[in-house]
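Below: one structure, written as structure tokens.
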Amino acid sequence: MKSPAEESTENVVIETLISHRTTARSYVTVESLHDIFNSAGQEFIGVIDLDGTFRGLASRRVHVQLLSGRYGFSLHRDESILNHLVPNPVVLRVGMTLPEAAAEIFSLDQVPDLQTDAVVVDHQYRFAGIISATDLVHYQWKLSREQALQISEQKNAIIQKNRTIFESQDELRLKKGQFNIIFENDIQGVALLDEFGKIEVCNQAFRKLSAISDEDSLPDFYDLLVDEQKSSVKQRFESLNPSQNSIRLETLLQLGPDNLREIHGVASLVRETGQIAIQIDDVTHRRALERQMASQEKSLLLDTLVGGIAHEINNKLTPIIGFSQLHMQLEESPDVEEVSQAFRLIRDCATEASSIIAQLLHLSKPPTSRMAIYDARQLIEDTVNLLRFQARESGCQLSYTSPDYEIPVLADMAQLKQVMINLVINAIHASKETQSPVVKLSISAEKGQITIDVTDQGCGIAREDLARIFDPFFTTKGPEKGNGLGLSVCRSIMALHSGNLEASSEPGRDTTLRMILPLASTQQEPNSKCPLPTDTGGERISGHSANILIVDDEPYLGQLIKKGLKRELGLEPTTVLDGRKAIEHIKRDDYDLIISDVRMPNLDGFQLFEWICTHRPELSKRFLFITGDAGGKVFNERLSRINAPVLHKPFDLTALSNHCSEMLSGPVENSPIALVS
């Protein structure tokens, strides 16, 4: 094995430079440390915990100064050495090469003391040894010298090669000069990669965009990408062929811990050399502006939808209230079939109202912003359901056709729904002046591509305006109907989905807006946490015998759950009104299940679950949350981290009973039931 002095400095790993591994335990006193320094004969000693975790660096010089003077020893002998450690020592990781160590040192916020030894720790931050400051400076100087020689050799080789080219081919030299002028002055980043993704040459715009200084050697392009996208970009580059013009590139560059840049560009294969040519632009600020514009446009959409949604929900609530009042006022014994029919209507109206609210929440506050596989046909159906009132109010009919098979699309469904709603509302507005207007929606999938058309029977778009409809702030409507950002935002959203938005129109006749999306080829695994079913078609379950506690700050909800479980499972739950009283009951009695709402006074569901995990951990496997809160990002993330099922309101009593039955039948020892709403 070569010593650090024999091999290239760039390949030297720092653990080979360790000069000693002298340590002191973190619990020792200053007096004990004095003895360790005297016996070890080192200037610096690592301070560690019992498990080897590095706590700090002790300096002989600091120690001597501490104990000097007339009363130094008496004052400080019994103090902990943790109070007198070297401030901000240089800490390096096992496995680092010298260039990586240099980068780590240069990235420090404060200039390091070059007279202080450096500490080496492993990946668990356990102490591995100490490198003397002298050795570290020596090898850093050697590394800089080798890099300077390499740069000089490369520079001389390039100069010699260029001299030969210029001397033998004047015409080529002239063309090369012209190319360099264009290349270096291009405002976009341009680079040529070899077949393995190594950047062979790039212009200054690319260096600036990628944070590569003139002194830095060119890295692999894949090393600049975020980890999640390295594999997919590499696969796309490897699939390039000479017959392909170019591919679009939308990816993220990770240029530092807090420096994430969004880039857009194209990549193509150079037929003559086999290199990959990429041209990229930093669109971080543009994408942020587009997201802000999309948010503003979503607010306008919600303002447009709110009246129609209120109308639809009120239509569902009216029969619920009316039939309830009718049957409350009956003086004679009602007909069983008549009552059952009324209750079925009440149930159906409530279910439809719940569906409308769920769609509105998904549009205004989607549960996640990540991509997932959806059936694209659902996009049209949801849009038609949301805009039914707006269309009817405008005297417009919505007509759509779709195939009888699934059309998978990888998408952020909330964003695509925003695009679809925008297009349909525009079509309704455009058709307003025509007789018996119809807006036609259709979807098809062919040759790996999804096509969704929205066609109106309006007055069409003038040819001079058709090319401008996707420009920001361009609109032919009045200011009360929008700010001209809608279609611009829609096209940006489509671009984020590797799709496009196209328009065609015949003035005086009709207009078609076409959404084009890639067809998903593989199915995504379902999310680990899915909403529990609210289907009412399950069979009635009974026969369980369990001790149940219901904690509900809304008394009518607690009573509903109590009566539902009694009817479905034959159980006799106990109810209380807040989480603190639930804890009192759990301390006093044994239960078999916990069902908890999240939002409660005094002690909420999260706090109750934490108490259970600490004091009765066996019950954490028998804990069911029920919630009607859509929640914000923090709320949803906190709920998703808890390893407990969630039942969203409004829920069906049969679904609740079925889920309780499943939880009660699980193999949990000495487990109790508590229902907390």
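Applying the set (1) assigned to a helix (DSSP H, G or I); (2) of a type in the set (A, V, I, L, M); (3) open to solvent by 50 Å² or more (accessible area, probe 1.4 Å) to residue 201 leaves exactly one unmet item: (1). Might you let me know whether segment 81-89 holds any residue that is touching a helix residue (DSSP H, G or I) at 6+ places or on another chain (Cβ under 8 Å) and not aliphatic (A, V, I, L, M)? Looking for residues that are touching a helix residue (DSSP H, G or I) at 6+ places or on another chain (Cβ under 8 Å) and not aliphatic (A, V, I, L, M), one finds at least one in segment 81-89, hence yes.
Are any residues in segment 629-677 modelled with pLDDT under 60 and part of a strand (DSSP E or B), and if so, which ones? Passing the criteria: 673, 674, 675, 676.
In a residue-by-residue description of segment 22-31, the property of being in contact with a strand residue (DSSP E or B) (Cβ under 9 Å, 6 or more places away or on another chain), aliphatic (A, V, I, L, M) and not in a helix (DSSP H, G or I) applies to at least one position. Given (1) of a type in the set (Phe, Trp, Tyr); (2) open to solvent by less than 60 Å² (accessible area, probe 1.4 Å); (3) modelled with pLDDT under 80; (4) closer than 24 Å to residue 351 by Cβ, identify the lone condition not met by residue 625. The number of the failed condition is (3). Considering only residues that are assigned to a helix (DSSP H, G or I), open to solvent by 50 Å² or more (accessible area, probe 1.4 Å) and farther than 25 Å from residue 495 by Cα, which ones fall in segment 368-406? Within segment 368-406, 385, 388, 392, 393 qualify.
Just so you know, in segment 92-135 the residues that are at pLDDT 85 or above and among the aromatic types (Phe, Trp, Tyr) include one that is nearest to residue 15 (Cα to Cα), and it is 127.
Within segment 446-465, the set of residues being acidic (Asp, Glu) and in a helix (DSSP H, G or I) comprises 464, 465.
Filtering 569, 603, 593, 557 for residues that are over 28 Å from residue 635 (Cα atoms) and open to solvent by less than 40 Å² (accessible area, probe 1.4 Å) leaves a single hit, 569. The residues listed here are 181, 187; of these, the one that is out of contact with any Leu (no Cβ under 9 Å at 6 or more places or on another chain), at pLDDT below 85 and not in a helix (DSSP H, G or I) is 187. Of all residues in segment 581-596, those that are closer than 17 Å to residue 562 by Cα have Cβ atoms under 7 Å from Cβ atoms of residues that are among the hydroxyl-bearing types (Ser, Thr, Tyr) and surrounded by fewer than 24 Cβ atoms within 10 Å (Cβ to Cβ), 6 or more apart or on another chain, in 585/574; 592/671. Based on this model, can you work out whether residue 270 counts as farther than 27 Å from residue 494 by Cα and not hydroxyl-bearing (Ser, Thr, Tyr)? Answer is yes for this residue. Taken residue by residue, segment 270-281 has no member that is open to solvent by 60 Å² or more (accessible area, probe 1.4 Å), more than 30 Å from residue 99 (Cα to Cα) and in contact with a strand residue (DSSP E or B) (Cβ under 7 Å, 6 or more places away or on another chain). Against the numbered list (1) within 30 Å of the chain's Cα centre (by Cα); (2) open to solvent by 80 Å² or more (accessible area, probe 1.4 Å); (3) over 22 Å from residue 147 (Cα atoms), residue 222 comes up short only at (2).
Just one of the listed residues (447, 432) is among the charged types (D, E, K, R), at positive phi and open to solvent by 10 Å² or more (accessible area, probe 1.4 Å), namely 447. If you check residue 30 against the conditions, is it under 30 Å from residue 149 (Cα atoms), at pLDDT below 90, of a type outside the set (S, T, N, Q) and buried (at least 17 other Cβ atoms within 10 Å of the Cβ)? So residue 30 does not fit the description; no.
Residues checked against (1) open to solvent by less than 80 Å² (accessible area, probe 1.4 Å); (2) within 27 Å of residue 32 (Cα to Cα); (3) touching a residue at least 12 places away in the same chain (Cβ under 8 Å):
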| position | (1), (2), (3) |
| --- | --- |
| 58 | yes, yes, yes |
| 85 | yes, yes, yes |
| 93 | no, no, yes |
| 129 | yes, yes, yes |
| 132 | yes, yes, yes |
| 152 | yes, no, no |
| 157 | yes, no, no |
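Pairs linking a residue in segment 433-449 that is under 16 Å from residue 393 (Cβ atoms) to a residue that is among the acidic types (Asp, Glu), with Cβ atoms under 8 Å and 6 or more positions apart or on different chains, are 437/456; 439/456.
For segment 66-80, residues that are among the polar types (S, T, N, Q) and open to solvent by 80 Å² or more (accessible area, probe 1.4 Å) total 1.
Within segment 225-259, the set of residues being among the hydrophobic types (A, V, I, L, M, F, W, C), part of a strand (DSSP E or B), open to solvent by less than 30 Å² (accessible area, probe 1.4 Å) and out of contact with any Ser or Thr (no Cβ under 7 Å at 6 or more places or on another chain) comprises 247, 249. Every condition in (1) of a type in the set (A, V, I, L, M); (2) open to solvent by 70 Å² or more (accessible area, probe 1.4 Å); (3) part of a strand (DSSP E or B); (4) under 30 Å from residue 155 (Cβ atoms) holds for residue 192 except the one numbered (2). Going through 620, 542 one at a time, which residue ends up being of a type in the set (Gly, Ala, Ser), under 30 Å from the mean Cα position of the chain (by Cα) and either at pLDDT 80 or above or more than 30 Å from residue 372 (Cβ to Cβ) (or both)? 620 is the lone residue from the list that is of a type in the set (Gly, Ala, Ser), under 30 Å from the mean Cα position of the chain (by Cα) and either at pLDDT 80 or above or more than 30 Å from residue 372 (Cβ to Cβ) (or both). Within segment 159-173, does at least one residue satisfy the condition of being in contact with a Lys or Arg (Cβ under 7 Å, 6 or more places away or on another chain), over 18 Å from residue 101 (Cβ atoms) and either surrounded by 14 or more Cβ atoms within 10 Å (Cβ to Cβ) or at pLDDT below 75 (or both)? Within segment 159-173 (the criterion being in contact with a Lys or Arg (Cβ under 7 Å, 6 or more places away or on another chain), over 18 Å from residue 101 (Cβ atoms) and either surrounded by 14 or more Cβ atoms within 10 Å (Cβ to Cβ) or at pLDDT below 75 (or both)), the answer is yes, since at least one residue qualifies. Summed over segment 572-584, the residues that are open to solvent by less than 40 Å² (accessible area, probe 1.4 Å), closer than 16 Å to residue 614 by Cα and not hydrophobic (A, V, I, L, M, F, W, C) give a count of 1.
The values are calculated or read from the model by the stated rules, or taken from the named source; none is laboratory data. Computed from a prediction, not measured in an experiment: that's the story for all the values here. Quick reminder, even Gly has a Cβ in these numbers, built from the backbone with ideal geometry, and neighbours come from all protein chains shown. With ligands, DNA and RNA removed, areas are computed over all heavy atoms of the protein, side chains included. Shrake-Rupley method; radii C 1.70, N 1.55, O 1.52, S 1.80 Å.
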